[in-house]
């Protein structure tokens with residue numbers, strides 16, 4: 001796991017002041033902690049880290065020199081410029097299940113045997129820290145036209161200690177035949193395009 005460094009935040013320092021000084025605000029919570037920790041993180045380091053991780057990622061958070069195994073619970077950005085503003089983390093405890101989110105990543109799309117569609121690109125679940133995953137990869141090159149995979153079909157969903165909360169019937173991959181126009185439809189499309197071009201040039 002990659003490590004992100006943080007320091008305890010002086011609550012007298014307002015978030016706006018910290019951002020001017022090159023930091024973002026953050027917090028760490030968990031049942032094993034006496035109380036939630038208010039933190040600050042170097043903004044440049046946080047942006048680089050957030051680019052390679054997402055909500056649900058299991059990471060190491062170093063707070064004032066002490067390492068904590070945590071899950072990213074939220075990443076808050078300024079909707080105007082996507083600038084990172086705040087992150088929240090949950091401390092993980094070995095015998096305690098937590099809610100997680102895994103991204104379903106399609107690989108080798110350039111070798112797909114058909115047109116790819118799906119209903120969802122992430123799945124939600126509850127699991128112990130040892131079973132947490134950031135991504136679930138599907139090699140689409142191995143699936144023939146007509147393949148339909150649902151959440152229930154994923155090996156991850158079948159692990160005994162994992163409770164998937166996304167609908168089991170949701171499609172995570174459908175390989176459809178590439179659509180082909182018949183000659184009449186193609187001729188009509190060409191005629192429409194020619195008419196539109198003539199209208200523009202008139």
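Quick note: the coordinates plus some simple rules give every number you see, no bench work behind them. The structure displayed is predicted, hence computed values, not measured ones. Because the Cβ atoms are built from the backbone with ideal geometry, glycine has one as well, and the counts that use them run over all protein chains shown.
Does anything in the range 69-107 have its amide N under 17 Å from the 7 Å Cα→Cβ label point of residue 165, and if so which residues?
71-75, 89-93, 96-103
Extension gain residue 3-residue 36, at 0.36 nm per residue separation less the Cα-Cα distance, in nm?
Computed gain between residue 3 and residue 36 is 9.9 nm.
Compute the Cα gyration tensor for the range 3-91, then decide on rounded, prolate or oblate, letting a ≥ b ≥ c be the square roots of its eigenvalues: rounded whenever a/c is under 1.5, prolate when a/b is larger than b/c in the other cases, and oblate in all that remain.
oblate
Just need log10 I(q)/I(0) for the range 98-176 at q = 0.14 Å⁻¹, Debye formula, equal scatterers on the alpha-carbon atoms, no solvent, rounded to two decimals.
Calculated log10 I(q)/I(0) at the listed q: -0.44.
Between the range 87-105 and the range 106-140, how many Å separate their Cα centres?
17 Å
Using Cβ counts within 10 Å as a stand-in for footprinting exposure, how do 80, 87 rank, fewest first?
Least crowded to most crowded, the residues run 80, 87.
How many nm is it between the label spots at residue 176 and residue 113, if each spot is 7 Å from the Cα in line with the beta carbon?
Taking the two extended label points, one gets 1.8 nm.
Sort 151, 145, 175 by Cβ crowding within 10 Å, fewest neighbours at the top.
Ascending number of Cβ neighbours within 10 Å: 145, 175, 151.
Only counting other Cβ atoms within 10 Å, I'd like 174, 31 sorted with the fewest neighbours first.
31, 174
If you count the DSSP beta bridges with both ends in the chain, what percent of them are antiparallel, to the nearest 5?
So the antiparallel bridges amount to about 70 percent of the total.
Compute the Cα gyration tensor for the chain, then decide on rounded, prolate or oblate, letting a ≥ b ≥ c be the square roots of its eigenvalues: rounded whenever a/c is under 1.5, prolate when a/b is larger than b/c in the other cases, and oblate in all that remain.
Here the chain falls in the oblate category.
Give me the number: length gained by fully extending residue 95 to residue 15, i.e. 0.36 nm times residue separation minus the C-alpha to C-alpha distance, one decimal in nm.
25.3 nm
To the nearest 10 degrees, how steeply does helix 183-201 sit against the main Cα axis of the chain, on a 0 to 90 scale?
Taking the Cα atoms of the chain, the angle to 183-201 is about 80 degrees.
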